[in-house]
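S.K.: Questions regarding the structure given below will be posed in turn.
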Amino acid sequence: MKYIRIPKDRVGVLIGKDGETKKTIERISQMHLEIDSEEGDVAFNEQEAKDPLIPLKVEDIIRAIGRGFSPEHAFRLFGEETELFIFDIYDYISKKESHLARVKSRVIGREGKTKRVIEGLTGGFLAVYGHTVAVIADFESMDIAKKALDMLLSGSEHPTVYRFLEREMKKFHLSRHSRHE
């Protein structure tokens, strides 16, 4: 059995309205999920999976929902080319609540601008929840998204991060374009 704990306030999202999210995960993965709503514990039997990658994908989907993603965004992790990465903000700052709030707002940006810019340029999704910043992106743009977030979390100025993102994504699209010619 594989056990994963998610925040209790995210259990309802994992279960979904009328159990729809849980049922969708079970239908796609062909594995039964046991969810303890009191503790936030989720368990599933990896042996039920027909494909050895499915338990890893299900674990990532559960973690993604636990870190603040909508089920729709988390379900992208069923795809072949998509992955999840979670930053712990405490790796960058002392455990003072005032520092945590400041760094979270740096990642989100004024009226959500920074989050939107990173998502728009990388094609990924960000979730800022608790003391974490999580990103779902395809393999190719994940490294760029991770570097941009690392820069922000380390204190780089927003314009510096935006320029980095624009430069790297331009290089990425050019190299991708030249491969398809």
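The values are calculated or read from the model by the stated rules, or taken from the named source; none is laboratory data. Predicted model, so just to flag it, every value in this text is computed and none were measured. In this analysis, Cβ positions are derived from the backbone assuming ideal geometry, glycine residues included, and neighbour counts consider all displayed protein chains.
Here is a yes/no grid of residues against (1) in the same structural domain as residue 90 (by TED's automatic domain parsing); (2) under 17 Å from the mean Cα position of the chain (by Cα); (3) under 26 Å from residue 94 (Cα atoms); (4) in contact (Cβ under 8 Å) with a residue 24 or more places away in the chain:
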position	(1), (2), (3), (4)
130	yes, yes, yes, yes
141	yes, yes, no, yes
158	yes, no, yes, yes
167	yes, no, no, no
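S.K.: Please give the number of the condition residue 122 fails out of (1) surrounded by fewer than 20 Cβ atoms within 10 Å (Cβ to Cβ); (2) closer than 19 Å to residue 160 by Cβ; (3) of a type outside the set (A, V, I, L, M, F, W, C).
M.R.: All conditions pass for residue 122, except number (1).
S.K.: Same structure again: If you go through segment 18-41 one residue at a time, do you hit one that is among the aliphatic types (A, V, I, L, M), in contact with a helix residue (DSSP H, G or I) (Cβ under 9 Å, 6 or more places away or on another chain), closer than 22 Å to residue 133 by Cβ and free of Cβ contacts under 8 Å to residues at least 60 places away in the same chain?
M.R.: No, segment 18-41 has no match at all.
S.K.: Here's something else I'd like to know. Just need a number here: residues in segment 24-52 that are outside any loop (DSSP other than H, G, I, E, B) and among the charged types (D, E, K, R).
M.R.: Counting residues in segment 24-52 that are outside any loop (DSSP other than H, G, I, E, B) and among the charged types (D, E, K, R) gives 7.
S.K.: What is the number of the single condition among (1) on the phi < 0 side of the Ramachandran plot; (2) surrounded by fewer than 18 Cβ atoms within 10 Å (Cβ to Cβ); (3) in contact with a strand residue (DSSP E or B) (Cβ under 7 Å, 6 or more places away or on another chain) that residue 42 does not meet?
M.R.: Tallying (1) on the phi < 0 side of the Ramachandran plot; (2) surrounded by fewer than 18 Cβ atoms within 10 Å (Cβ to Cβ); (3) in contact with a strand residue (DSSP E or B) (Cβ under 7 Å, 6 or more places away or on another chain), residue 42 fails exactly one: (2).
S.K.: Step by step: first the residues of segment 1-23, then only those that are out of contact with any Asp or Glu (no Cβ under 9 Å at 6 or more places or on another chain) and not in a helix (DSSP H, G or I), then the one that is nearest to residue 54 (Cα to Cα). Which residue is that?
M.R.: 16
S.K.: Identify the residue in segment 63-85 that is at pLDDT 95 or above and surrounded by fewer than 16 Cβ atoms within 10 Å (Cβ to Cβ) and, among all such residues, is farthest from residue 131 (Cα to Cα).
M.R.: Ranking the qualifying residues of segment 63-85, first place goes to 72.
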